[in-house]
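A short write-up of the structure that comes next.
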Amino acid sequence: MEVRKMKMPKAMDFSQKWDNFKRLSHKFSRSRISLVGLFSVVIIITLAIFAPLIAPYPEHAGAFVDYAHASIPPCREHLFGTDIMGRDVLSRTIFALRGALLMAIGVIGIVTPIGVIVGLVAGYNSGSLVDTILMRISDVFLALPSLVLALAVAAVLRPTLFNAMLAVCVSWWPWYARLTYGLASSIRNETFVQAAQVIGASHFHIIFKEVLPNCLSSIFTKMALDVGWVILIGASLSFVGLGEQPPTPALGTMVADGARYLPELWWVCVFPALVIVWMILSFNLFGDGVRDALSPEEA
Amino acid sequence: MNMVFFILRRLALAILVLFGLSILIFIIARVIPGDPARMALGPRAPEYAIENLRKQMYLDKPIYEQYYIWVKNFLTKGDLGISLLTRRPVQEDIKEFFPATLELVIVSGIFMAVTGILLGVVSARYRESWVDSFTRVLAYFGIATPSFVWLVLFILLFGYVWPILPTVGRLSRGITPPLHITGMFTIDSLLTGNWRTFWDALLHLIMPAIALAMGGLSQAARITRSSMADHMDKDYVTLLSAFGVPNRSIFMKYLLKFSLIPTISILPLDIAALFANGFIAETVVNYPGLSRYGMSAILNKDLNAIVGVIIVLGAIYTLVTILIDIIVAYLDPRVRLIRRAT
């Protein structure tokens, strides 16, 4: 019998991808509130990238002291007022967006591949020893609220933005592992996976070319929804001094420092606090939009 | 029978997970750079004192041996070691600080559950009303705002601008703590009939409790609303009203029970997570509870205290997850049946 080389179906070409993208963006833009989120997210990212150009006093983002202009309430020159060192709170807040965004990008960028691979391997081999070991390990990490684990790890390491990122990663990867595990362990029983097995496709091929593409929309949804949470945990860590160190501005640190001068210098802490809320809110709205666009069942 | 087996299996797994957690946290606490004994005694302490402390804490032994000693002491004597910060056994510290945090978590949890479910139910019942819009806006903001931000804003508003609530501690100066019965000031003062102390303790609880509850409350309201709205469109509701069952009893007898299942499967976990969020909130208002103790242990690298607090929190959290499964199985017969089938 002649053994023919099996031809794998080709991946989508560019025009198909473009169509797909257009369909998703149409679904996304049907909700006005998601568009508000998207718009807001774009503003935040722009502010963070071009902070030195946009901030009215870029030099105030570092170790800058000007006691002559200390503790000025919000006015036209200083929209958010100045702190006790005479630094412009608005400028520092704009620069602090960078740390918060880096935190979110870093954590999700590190956690997604790790969690997804663990979940895929465990889910594809579900019921085996590998599955048991990997998922029990992730259970251990899930036995604590993520904030506590992140605090404990961050406290052990030297307080820097990168280490805070690592600390959040330690407590965050199991969520991705668990999500992918659930998807993978059900997808592996689908007929197309069995077909690939019968043809003799390698495990590597099946895991990454058959199972993974079918998990992607859920994973992307989780990533989009997680940005806000990571920013929240990052702000909490920097609030207790376990994030970016002064003089570099961090939103949580600014709130914590400002809280010491309540109620007289309320602007030092209230504005960064509101910016934290604005940031998380925007990313949550955006994430909701992504979820609605990617979810298949739609009336 | 099946249920008992299920619970036993979950408990066994939970013990395994807690063992894993203790190893994890033990390793984390032991890789701290610097000498914990030196840090505890300060830079001027003589070498022999540090040597003594190191011996006393078994820091001169390899880490697996330290872990073995720790587990043995914990399992045989309930001994968690000495806190470097308070110089007392960790288990006694935990016993002392736990009731305060438990009290805060209970008050906050009750507020979270009652307000969250109520808002969700009312906005599902009166869709597109002002309550519904309010709940939607609150849900977005509640989830997006860290508890420490709520707390800072509350302190500013209700502590300074309109000073009606105390901003620090558990009791005002000059008020003597009630007789120690449960360790929870509100309950103890009620039991001893001391109204002034009760009122004062309650006032101190309000701000941190509400700040802690906001996140979970918003989530509960959102989930309750959407679940209830889904159920209202189901066929069985149409059928019941076609039979002439009054709306009120459809609502109370059928809708409420089924549509609260998603909320109930997430709410207890949110309440258990309050212990964790308390780490920061209790520190902000200087509330002398377990979470603040844990936070100061973490910041001061107090090894035994870190391990002790985290194991206690892990145990609570794990038990709550099991509890949720049991409650949900009780409420939703389908879950029971599926379990029996598999």
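Here are some notes:
- Filtered residue count, the stretch B:119-135, keeping only those that are touching a residue at least 60 places away in the same chain (Cβ under 8 Å) and assigned to a helix (DSSP H, G or I): 8
- Test for A:V227: is it part of a helix (DSSP H, G or I), touching a helix residue (DSSP H, G or I) at 6+ places or on another chain (Cβ under 7 Å) and modelled with pLDDT of 90 or more: yes
- Looking across B:L24, B:L53, one residue alone is free of Cβ contacts under 8 Å to residues at least 24 places away in the same chain and surrounded by 20 or more Cβ atoms within 10 Å (Cβ to Cβ). It is B:L24.
- Flag for A:T248 being modelled with pLDDT under 90, on the phi < 0 side of the Ramachandran plot and among the hydroxyl-bearing types (S, T, Y): yes
Conditions (1) buried (at least 20 other Cβ atoms within 10 Å of the Cβ); (2) within 14 Å of chain B (Cβ to nearest Cβ); (3) among the aliphatic types (A, V, I, L, M); (4) more than 30 Å from A:L102 (Cβ to Cβ), marked per residue:
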position	(1), (2), (3), (4)
A:R136	no, yes, no, yes
A:A150	yes, yes, yes, no
A:L157	no, yes, yes, no
A:A167	yes, yes, yes, no
A:T191	no, no, no, yes
A:V198	no, no, yes, yes
A:A201	no, no, yes, yes
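- For A:V240, the conditions (1) under 20 Å from the mean Cα position of the chain (by Cα); (2) within 22 Å of A:P145 (Cα to Cα) are fulfilled apart from (1).
- Residue that is farthest from the chain's Cα centre (by Cα), among those in the stretch A:259-282 that are closer than 18 Å to B:T167 by Cα and part of a helix (DSSP H, G or I): A:W266
- Members of the stretch B:232-256 that are surrounded by 15 or more Cβ atoms within 10 Å (Cβ to Cβ) and within 35 Å of the chain's Cα centre (by Cα): B:M232, B:I250, B:F251, B:Y254, B:L255, B:L256
- A:G252 vs. criteria within 11 Å of chain B (Cβ to nearest Cβ), assigned to a helix (DSSP H, G or I), in contact with a helix residue (DSSP H, G or I) (Cβ under 8 Å, 6 or more places away or on another chain) and not hydrophobic (A, V, I, L, M, F, W, C): yes
- Considering the stretch B:267-338, the qualifying helices (runs of 4 or more DSSP H), each wholly inside and each with 1 or more residues that are among the acidic types (D, E), run over B:267-284, B:303-331.
- Residue in the stretch B:268-289 that is surrounded by fewer than 16 Cβ atoms within 10 Å (Cβ to Cβ), under 30 Å from B:I155 (Cα atoms) and either at pLDDT below 85 or among the polar types (S, T, N, Q) (or both) present: yes
- Residue match in the stretch B:159-174 (condition: under 21 Å from the mean Cα position of the chain (by Cα) and hydrophobic (A, V, I, L, M, F, W, C)): yes
- In the set A:L237, A:L285, A:L242, only one residue is outside any helix (DSSP H, G or I), within 14 Å of chain B (Cβ to nearest Cβ), surrounded by 22 or more Cβ atoms within 10 Å (Cβ to Cβ) and not β-branched (V, I, T); that residue is A:L242.
- Residue tally, condition without any contact (Cβ under 8 Å) to a residue 40 or more places away in the chain, outside any loop (DSSP other than H, G, I, E, B) and more than 16 Å from B:V121 (Cβ to Cβ), over the stretch B:204-239: 4
- On the stretch given as the stretch A:160-181, residues that are among the aliphatic types (A, V, I, L, M) and either modelled with pLDDT of 95 or more or farther than 17 Å from A:I105 by Cα (or both) total 2.
- Against the list (1) free of Cβ contacts under 8 Å to residues at least 40 places away in the same chain; (2) outside any helix (DSSP H, G or I); (3) within 11 Å of chain A (Cβ to nearest Cβ), the condition B:V245 fails is (3).
- Of all residues in the stretch B:276-319 being among the aromatic types (F, W, Y) and facing chain A (nearest Cβ under 7 Å), the one that is farthest from A:S236 (Cα to Cα): B:Y317
- Selection status of B:I326, surrounded by 15 or more Cβ atoms within 10 Å (Cβ to Cβ) and not acidic (D, E): no
- Number of positions in the stretch B:141-152 that are within 7 Å of chain A (Cβ to nearest Cβ), in a helix (DSSP H, G or I), of a type outside the set (V, I, T) and under 14 Å from B:P208 (Cβ atoms): 1
- Counting only helices (runs of 4 or more DSSP H) wholly contained in the stretch B:1-92, the ones carrying 1 or more residues that are within 20 Å of A:D139 (Cβ to Cβ) occupy B:2-30, B:63-77.
The values are calculated or read from the model by the stated rules, or taken from the named source; none is laboratory data. What you are looking at is a predicted structure, and each value in this text was computed from that prediction instead of being measured. Virtual Cβ from ideal backbone geometry, glycine too; neighbours counted across all protein chains shown.
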